[in-house]
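Readers should treat all values here as calculations from the given coordinates under stated rules, not as data from a laboratory. The structure displayed is predicted, hence computed values, not measured ones. Neighbour counts are summed over all protein chains in view; Cβ atoms, including those assigned to glycine, are modelled from backbone coordinates with ideal geometry.
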Amino acid sequence: RKEVEQDPGPFNVPEGATVAFNCTYSNSASQSFFWYRQDCRKEPKLLMSVYSSGNEDGRFTAQLNRASQYISLLIRDSKLSDSATYLCVVSLYNFNKFYFGSGTKLNVKP
Amino acid sequence: EAGVAQSPRYKIIEKRQSVAFWCNPISGHATLYWYQQILGQGPKLLIQFQNNGVVDDSQLPKDRFSAERLKGVDSTLKIQPAKLEDSAVYLCASSLAVAASQETQYFGPGTRLLVL
C-alpha cells in the first residue's frame, strides 16, 4: 500500500469555481503534512503546511483529519494561474521521512 | 538569495554507463535531499543528509546508486551502471533546520536523465 494516495485527476474547472482535493495517508504516526505545487516541467514549491487546527492562506484552505487519515486542500475563486499539479506530502517527524503523493492535476479553464 | 543549484540540467546516456549529478544547496541549509521523480509520479526520496551525515537512505538502490555530501555543503549523486528504468528527473532539495520535518524544502530545477 502506498504511503500517500491522491486522485490523479485531472480536475477541469472554470475560472471562479471552488475545487477541493483530498489526500489519504497510511501511517497513523505521520506528524507533518504539506501541500506542494508543481508546474509542468518545473520543481515543486511549498504551497502551505497543514496544521491540526486547519489553516487558510488567501483563497487556499487546508484541513487535517487524523481520525480518517486524510488532508484536504480547498481552492476558492480559481484562477487560470492555479493550473498545476498539487502534491500532498507527509512526513514521520522523528524519522524525517518524507513521502510525496503522485499529485492531483488541476486545469482551470477560461 | 540564491536558490538550490543543480547540474547538469539534462543528460542522455546509454544503459550500463555511469552518470553523476551535482547539487549546491542554499547557503546555511543543514539538510539536503535527493529525490527521483518518474514521469507521472510524485518525487521519491532517495537519500537525506543532515550536514554530512546520512539520515535516511532506505529507498536508495545501493547496488547502483551512491551519494555523498563532503564537508556538509555540496552533494553528488552517482548511478553506476544505469538502467533504462533510471530515466527520470533527479531533484535536489534543501531545508534550513536540523529538525527538518517542519521546515520548507526548497527544490532545485532538477536534472533530466534519459537512459537509452
Likely footprinting exposure, A:ILE75, B:ILE12, fewest C-beta neighbours within 10 Å first: B:ILE12, A:ILE75
List the cysteines of the protein assembly as shown that have no other Cys Cβ closer than 4.7 Å: which are they? A:CYS40
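Please state the charge dipole magnitude for the range A:1-105, taken about the Cα centre, from unit charges on C-beta atoms (+1 on K and R, -1 on D and E), reported in debye and rounded to the nearest 20. Numbers along the way, then the final one.
Working: 12 positive and 10 negative charges, 47 e Å.
Around 220 debye, computed over the range A:1-105.
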Which of the aspartates and glutamates could a cross-linker span from A:LYS2 if the Cα-Cα distance has to be under 14 Å and same-chain partners fewer than 8 positions apart are dropped? none
With a 10 Å Cβ neighbour count serving as the proxy for reagent exposure, in which order, fewest first, do B:ASP56, A:ASP77, A:ASP7 appear? A:ASP77, A:ASP7, B:ASP56
Tell me, what is the Rg over Rh of the range B:7-116, with Rh the Kirkwood radius over Cα pairs? 0.95
In the protein assembly as shown, what percentage of the DSSP-assigned beta bridges are antiparallel, given to the nearest 5? 90
Given that compact globular proteins tend to follow 2.2 N^0.38 Å, what is the ratio of the alpha-carbon Rg of chain A to that value? 1.02
Put in order of increasing Cβ neighbours within 10 Å, starting from the fewest, A:ARG1, B:ARG112, A:ARG41 give A:ARG1, A:ARG41, B:ARG112
Violations at 20 Å Cα threshold for listed pairs B:LYS44/B:LYS71; A:LYS42/B:LYS15; B:LYS15/B:LYS71; A:LYS42/A:LYS105; A:LYS45/A:LYS79 -> B:LYS44/B:LYS71; A:LYS42/B:LYS15; B:LYS15/B:LYS71
Dipole check, the range A:42-101, charges on Cβ (K,R +1; D,E -1), about Cα centroid: among A:SER81, A:SER53, A:ASN65 the Cα furthest to the positive pole belongs to A:ASN65
Scaled radius of gyration (Cα, divided by 2.2 N^0.38 Å) that the range B:52-103 gives: 1.30
Amide H within-cut-off set for A:ALA17, under 5 Å, with H built and near neighbours excluded: A:SER78
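Mean shadow of the protein assembly as shown, computed from the convex hull of its alpha carbons, in nm²?
12.6
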